[in-house]
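The values are calculated or read from the model by the stated rules, or taken from the named source; none is laboratory data. Note that this is a predicted model, so its numbers are computed, not measured. In this analysis, Cβ positions are derived from the backbone assuming ideal geometry, glycine residues included, and neighbour counts consider all displayed protein chains.
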Amino acid sequence: MRVRSIRYPLIAVTLSTSPTPLEMRITQRRHGLKPRNQLFLFFVLTILWGASPAPASPTQEGPSPPGEIREERLIPIAEIVEEAIRAGKTPGAVVLVGNRGRIVYRRAFGHRALEPNKLPMMIDTIFDLSSLTKVIATAPAVMQLVEKGKIRLQDPVGNYWSEFKVHGKDLITVHQLLTHYSGLRAGLDLQPNWTGYSAAMGKIAAENLASIPGTQFLYSDLNFMILGELISRVSGLPLNAYCAQHLYAPLGMKDTGFRPPESQHHRLAHTQYKKRDSGKRLWTEVHDTTAFLMGGVAGHAGLFSTGDDLAIFAQALLDGGTAKGARILSPLSVQKMTTPQNPPNKTVLRGLGWDIDSPIFSSRGELLPVGSFGHTGYTG
């Protein structure tokens, strides 16, 4: 059984070999859509996968063939989402459910903005994915470069970034960054004030270890900021350009990328009431403060996308790295990304990027077994 959950205040992408009709309710209540002084928007993408000889495009809609998920099992979805909207827990949602390579449920609920004017949620609403950037951009880009022999998973990071080899960080490997066993702390301090991508990299290069690499799990944005820098150094392209060229263009993911262009602004979900120094509501820029200070492109956050585009990417992983006639990863790379790769005898199970079983961050809900995989992304 394979399941993936991706969350956005609640963004959930779930893939499984068997239907789990109550999983949405469990995921919602476990991770909590709690009212705050922010706009909460959530996108839920669920793909239930079973073996099929010729999987269809995940954007193809139609009635479920015999033996697949039954229509009545999808009825509770609307009730769950509408209940959350009525309770003021979220202004809107996009829900997409796929089964055996076909989209069987695809619907928008509520609003993508409440002020200054109410704007209806649309199927093609574009969301700030926050930490989903780690697994929809950075991790697959790293694995592509591994396949090309340009990066080795067991190499020390210092092999690619000499300034990084100080304060004991010469022991940190690429593999440890991907699994969050690097020994680095969770993120960069925002004080004293700093701004710019180069400033962030300088601060990371000067970081001290929080623990011995390979010994403790600590979910860290620093890990994926570093990986984003390695992608740029090895490929010669900034992270956003690399992903656009080597991941999203081949798959036809036309609404996925960093720093959404002005032509897409009218489709963006508003993310927060809180205002930055500009005095503007967060809307067309990345929510994550560190990614914002880095210019909107970072390995840990900054990616924007839609339900349909994420369905394509999810299907590509389930089909061993290929979708729409394009291969972005080998089956072996997908296997390593989605099965436990953590050090032996560790209870927190991580793939290369993806979460397998993390007590705090797990995106599997309470019904789905180990063997499923997912990732959460906070925005709101």
**Q.** Residues (outside any helix (DSSP H, G or I), touching a strand residue (DSSP E or B) at 6+ places or on another chain (Cβ under 9 Å) and buried (at least 16 other Cβ atoms within 10 Å of the Cβ)) located in segment 123-161
**A.** 125, 126, 127, 128, 129, 153, 156
Q) Can you tell me which of 198, 131, 162 is under 19 Å from the mean Cα position of the chain (by Cα) and of a type in the set (Gly, Ala, Ser)? A) 131
Q) Could you give every pair whose Cβ atoms fall below 6 Å, whose first residue belongs to segment 180-203 and is within 23 Å of residue 153 (Cβ to Cβ), and whose second residue is outside any loop (DSSP other than H, G, I, E, B) and acidic (Asp, Glu), counting only separations of at least 6 or pairs across chains? A) 201/229
Q) Scanning for something aromatic (Phe, Trp, Tyr) and within 22 Å of residue 224 (Cα to Cα), does segment 298-319 turn up at least one residue? A) yes
Q) Would segment 313-336 turn up any residue that is surrounded by fewer than 24 Cβ atoms within 10 Å (Cβ to Cβ), more than 28 Å from residue 102 (Cα to Cα) and not assigned by TED's automatic domain parsing to the domain that holds residue 189? A) no
Q | Output for segment 169-212, where each listed residue is surrounded by 18 or more Cβ atoms within 10 Å (Cβ to Cβ) and modelled with pLDDT under 95 | A | none
Q | Breaking point among (1) modelled with pLDDT of 95 or more; (2) in a loop (DSSP other than H, G, I, E, B), for residue 284 | A | (1)
Q: Give segment 225-255 a look and list any residue that's touching an Asp or Glu at 6+ places or on another chain (Cβ under 9 Å) and either surrounded by fewer than 16 Cβ atoms within 10 Å (Cβ to Cβ) or under 30 Å from residue 207 (Cβ atoms) (or both), or say none.
A: 239, 254
